[in-house]
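A.B. asks: I have a structure I would like to understand better, so I am pasting it below and will then ask my questions one at a time.
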Amino acid sequence: MSDFPTDSSPVDGSAEAAARQQRFFARFLNEIPHLAMLGIRYDSHGGNWLQMAMPWRDDLLADPDHGILASGPVYSLMDNVAGFAAILGRGAFEPHATLDLRLDYLRAPEIGATIIGRAECYRMTRQIAFVRGAAHDGDPEKPIAHVAGTFMFTGSGSATPAA
């Protein structure tokens, strides 16, 4: 996890810190087998939010005859987007556990569309991150799913600062 900014990294918000965080997220996605298999990739991020993309693939369909995407890949996308948003909200890469993650499916994505997942950490307490977000297939105003989650940071205080 060496690409995540450390104590000696530039202050939060610098271009160098953002580039290091981007490399960290991309490397993490490539090293986790099921995320790499799903083709989930880093898209963009800010101080407390992250966006990832998952390209459409026919082998991810639950019902190939009707073009219905399986729910598992969407859940995996949003679980990871929310977890990374919690890390950004915490300002450090630190062990954490998912306390609750709710995904409400609103509609099926368009056949062939890349699914974009975006989540933000909107509140951070001493140990708990509160995250919300949405997945869409091209128009953020027409989401395919909403996510809400809480994450508990379990580290012993030896976190790697985000910037």
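Bear in mind these aren't lab numbers, they're just calculated from the coordinates by the rules spelled out. Values in this document were obtained by computation on a predicted structure and should not be read as measured data. Using ideal geometry, Cβ is built from the backbone for each residue, glycine included, and neighbour counts are taken over all protein chains shown.
A.B. asks: For every helix of n ≥ 4 consecutive DSSP H residues, a contribution of -39,500 (n - 2.57) applies; sum these over the chain, divide by its total residues, and give [θ] at 222 nm rounded to the nearest 500 deg cm²/dmol.
C.D. replies: -8500 deg cm²/dmol
A.B. asks: List the residues, sorted by chain then number, that are 5 or more residues from Arg123 or on another chain and whose placed amide H is less than 5 Å from its amide H.
C.D. replies: Residues meeting the amide H criterion: Phe130.
A.B. asks: Multiply the residue gap between Ala19 and Lys142 by 0.36 nm, knock off their C-alpha separation, and tell me the result in nm, one decimal place.
C.D. replies: Gain on extension, Ala19 to Lys142, equals 41.3 nm.
A.B. asks: Sticking with this structure for a sec: What do you get for the angle between helix 71-90 and the principal long axis of the chain? Use alpha-carbon atoms, 0 to 90 degrees, nearest ten.
C.D. replies: With rounding to tens, the tilt is 20 degrees.
A.B. asks: Also, I was wondering about something else. Given the chain, what percent of its DSSP beta bridges are antiparallel, to the nearest 5?
C.D. replies: 100 percent
A.B. asks: Arg107 versus Arg57, label points 7 Å from Cα toward the beta carbon: distance in nm?
C.D. replies: With each label placed 7 Å out from Cα toward Cβ, I get 2.6 nm.
A.B. asks: What angle, in degrees between 0 and 90 and rounded to the nearest 10, separates the Cα long axis of helix 15-31 from the longest principal axis of the Cα atoms of the chain?
C.D. replies: Roughly 50 degrees between the two axes.
A.B. asks: Could I ask something else about it? Can you report the principal axis dimensions of the chain using only the alpha carbons, biggest first, rounded to whole angstrom?
C.D. replies: Principal extents (Cα only, largest first): 53, 28, 27 Å.
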